[in-house]
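Student: Sharing a structure, written as structure tokens. Questions coming.
No lab work stands behind these numbers, since they all come straight from the coordinates. If you're wondering where the values come from, they're calculated on a predicted model, not measured in any experiment. Here Cβ is always computed from backbone atoms with ideal geometry, including for glycine, and neighbour counts include all displayed protein chains.
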Amino acid sequence: MSFAATDATAVGRSRWTRLIPVAIVVYIISFMDRTNIGFAFDNMGKSLHVTLTDTGLAGGIFFIGYLALQFPGGHLAEHWSAKKFVGIMILVWGVFAILTGLVQNYAELLIVRFFLGVAEGGIWPAILVLISHWFPARERARAYAFWIMNIAIASIITAPLSGWILSWGNWRWLFIIEGAFPFLVAAPLWFWLAADTPRSASWCTPEERDYIERALVEDAAGAPEKGSYRDVLRNAVVWKLVVVYFLIQLGFYGLTLWLPHEIKHMIGGGYLTVGWVTAIPYGLALVGLWLNGHLADRTGRYRVHVFISVIIAAVALVLSVSVGTVAALSIAFLSIAMMGALAYDGPFWASASRVVPIALAGGAMGLINALGNLGGFAGPYLGGWLQDHSGGSFLTTSIVLAVALALAGIVMLWVGRDGDKPRAQPAEGAQSRRRPAASEASGRVGSRLGMPASKH
């Protein structure tokens, strides 16, 4: 029996109790500073004298800057230091988050939001590199699953907090106060608890360090040679996955950033109430993330679970607006829509890890993550433009976002059955020639998301 197959709990769990929580906290604050602009849309637009289209552009331009450090961030984390790189980026994004509350005109707002995206763009791939240095392949998928829940948790925290700040302050105070969190919370915790490797962490016991290092050596021994970027660009399946991810991000961020605006117009009342109500859909999304991932692992039909989740989101999103003045019913449908728009995540990356050749995984997943996130630019901007040209109604916007989500599900089915887990184990000889099981493959891929091809 290999060393990696031994009981991991017997050697300690500090990698789970220290490293994963601090990574979650850092990304919660990062996501907060990225999406809190949705609460500022109304007052900020009036203060800067801009249209809904303009405010949507300000929300989405973040994702243009987000592209800049996707590949360099992973490279620097792998070949220099994930701890130092992320630590520096925390401080830089904190500066731009606070500057968002100090802008005097629309042009300054666009510039600051763009560079906020640049600063935050390297965090995701760098933390994934860090996880790959601490978690063997057999644990990495679970580590990634715990960490990805930060998106829903961040929104549950951001919504009531932002509503509370706006209940007594203005949109400038919103950015300044929440922009201080990187300095007051994220940076101190990160520099205290994060470590590039088990050997550089004083809190990691010798037994746990030895387990991790030996398991990683075993993983590396069975890893295939990496493919080139040219191979990645020529792979048709990779481009299908880029399209799927782009359309889902378009729908998700179009809904996420305009959700507080729509809820305020739906229920009226103060921002404190809006904040608490906005948190409801994300609470349901947290359940959906776990449930859909669990069921997808049981059935192995990853593509179908992506399809079902985004179709549910598409239908519920349109229904949320179609029911008219029945606020409780609208919020219920919005909650279901948000659940579907997030629950796709685990099955999507599990499917991608199977259908993309392992040798191309690093570059392929980086390309999918980088280009797919451009949907985060298109969604908010398109949502604002459609509202400006439909008299402020959210119905047209909801239909367009729903169509994007539905198309994503259809394209996902087109990816092919290789994206699902085999229904039966092949014979021993054939099994050795197949790619690893989904959990192991997704673990390996998880260490490469948003990264350039690296030495694993």
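Student: Calculate for the chain the 222 nm mean residue ellipticity that helices alone would give, adding -39,500 (n - 2.57) per DSSP H run of length 4 or more and normalising by residue count, nearest 500 deg cm²/dmol. Display every interim value, and only then the final one.
Tutor: Details: 24 runs with 333 residues, N = 456.
Result for the chain, helices only: -23500 deg cm²/dmol.
Student: Hey, what did the chain get for relative contact order, percent, Cα under 8 Å, at least 6 apart? Provide the component values of the computation, followed by the final result.
Tutor: Values: 837 pairs, mean separation 118.5, N = 456.
That works out to 26 percent.
Student: Something else about it: Would any residue of segment 144-163 have its amide N under 18 Å from a label point 7 Å out along Cα→Cβ of Trp173? List them or say none.
Tutor: In segment 144-163, the label zone of Trp173 (backbone N under 18 Å from the point 7 Å along Cα→Cβ) covers 158-163.
Student: Tell me, what is the percent relative contact order of segment 42-118, built from C-alpha pairs under 8 Å that lie six or more residues apart?
Tutor: 48 percent
Student: What distance in nm lies between label points placed 7 Å from Cα along the C-beta direction at Val403 and Thr273?
Tutor: 3.5 nm
Student: Put a dot 7 Å past each Cα toward the Cβ at Leu329 and Ser47; how far apart are the dots in nm?
Tutor: Going from the Ser47 label point to the Leu329 one covers 3.8 nm.
Student: With r defined as the distance between the Cβ atoms of Arg234 and Ser390 and R0 fixed at 45 Å, what FRET efficiency is calculated, to the nearest 0.05? Walk me through the numbers before you get to the answer.
Tutor: Numbers: r = 41 Å, r/R0 = 0.92.
That gives a FRET efficiency of 0.60.
Student: Relative contact order (percent) for segment 297-345, with alpha-carbon contacts under 8 angstrom and 6 or more residues of separation?
Tutor: Numbers: 45 pairs, mean separation 22.7, N = 49.
Relative contact order here is 46 percent.
Student: Expressed as a whole percent, how much of the Cα-Cα distance distribution for the chain exceeds 38 Å?
Tutor: On the way: 21175 of 103740 pairs.
For the chain, the fraction of Cα-Cα distances above 38 Å is 20 percent.
Student: At a Förster distance of 22 Å, what's the computed FRET efficiency of Thr299 paired with Arg142, Cβ-Cβ distance as r, to 0.05? Intermediate values should be presented prior to the final figure.
Tutor: Numbers: r = 19 Å, r/R0 = 0.85.
Rounded to the nearest 0.05, the efficiency is 0.75.
Student: Using the basic label-point model (7 angstrom from Cα toward the beta carbon), what is the Ile157 to Leu91 distance in nanometres?
Tutor: 2.2 nm
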